[in-house]
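Read-outs throughout are calculated quantities, based only on the coordinates presented, and are distinct from any laboratory measurement. What you see is a predicted model, and the numbers here were worked out from it, not measured in a lab. In this analysis, Cβ positions are derived from the backbone assuming ideal geometry, glycine residues included, and neighbour counts consider all displayed protein chains.
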Amino acid sequence: MNRYKKQILIPVLAGLMLAVFPSRSQQLIPGSRKEWILPDCTRVVVYKAETPGDVNNACYYLPANLRISEKNGKPEFSFMSWDSDDDGHIDGAIMHLLLTWGLTEVQEARTLGLMRQKGDSLLYLAGAPMMSARQGNVAFKIVSDTQTGDVLNQSLRSQGSPPLSPGEKMALSFFFSPGNAAVMEDALLHTEKLKGIKFQLSFMLNEAFPGQPYLLEGDFQEWINKSGWKK
């Protein structure tokens, strides 16, 4: 193929791709906000998106369902303590977990059903809007006024980048001193001591609502109860 034909073909192909795969606006329509609580208590907030030349059938959900991720049906969570001197006292512990967010297939189906209840059968979920993480230490926080919450904050050693789209994962690693390890292990075994501990991610919604942060929160006690963790 000569150079002249290439110059013609490239813009033609680009035009065909735009026709088949039109770009989707993520400029959400403020007055279109809908909010539901699903049967599993997950809060879902949905907005329609402005689509030029269209009837605005595309909808986006704001970040939802923060949780410990699973692999092959098992929570990606581990806690290990040790007794170096075999004297019955915990000498330290480590804890690792992966966080993710996003609606499951079942949750998406339920949300779509709620969206279409009023007869608008053309509505569809296009996913979550584009986001970025907030800068500094506000992107991720452990919020609690309990002793166990203080232990978690003191013991956090590393954290990955906040997940910016559904299904992405964020790693958290903790190293516990002897005293903190004993407190943490006791709380994992008696999860009522985890009550009130919240893990929070804070995003910027970019095109959707420029300059406005959005907070996503998960309940650590609930996560551990669901994980079925045992020593």
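Structure notes:
- Percent antiparallel among DSSP beta bridges (both partners in region 23-227, rounded to 5): 95
- For region 23-227, a simple Cβ point-charge model (Lys and Arg +1, Asp and Glu -1, everything else neutral) yields a dipole of about 1080 debye relative to the Cα centre.
- Burial ordering of Tyr60, Tyr124, fewest other beta-carbon atoms within 10 Å first: Tyr124, Tyr60
- The number of Lys pairs in region 123-231 with C-alpha atoms less than 22 Å apart, excluding pairs fewer than 8 positions apart on the same chain, is 15.
- Ranked for footprinting exposure by Cβ neighbours inside 10 Å, fewest first, Asp145, Asp219 give Asp145, Asp219.
- Partners for Lys48 among aspartates and glutamates (Cα-Cα distance below 16 Å; same-chain residues under 8 apart left out): Glu35, Glu108, Asp120, Glu207
- Globularity ratio of region 75-231, using Cα Rg and 2.2 N^0.38 Å: 1.25
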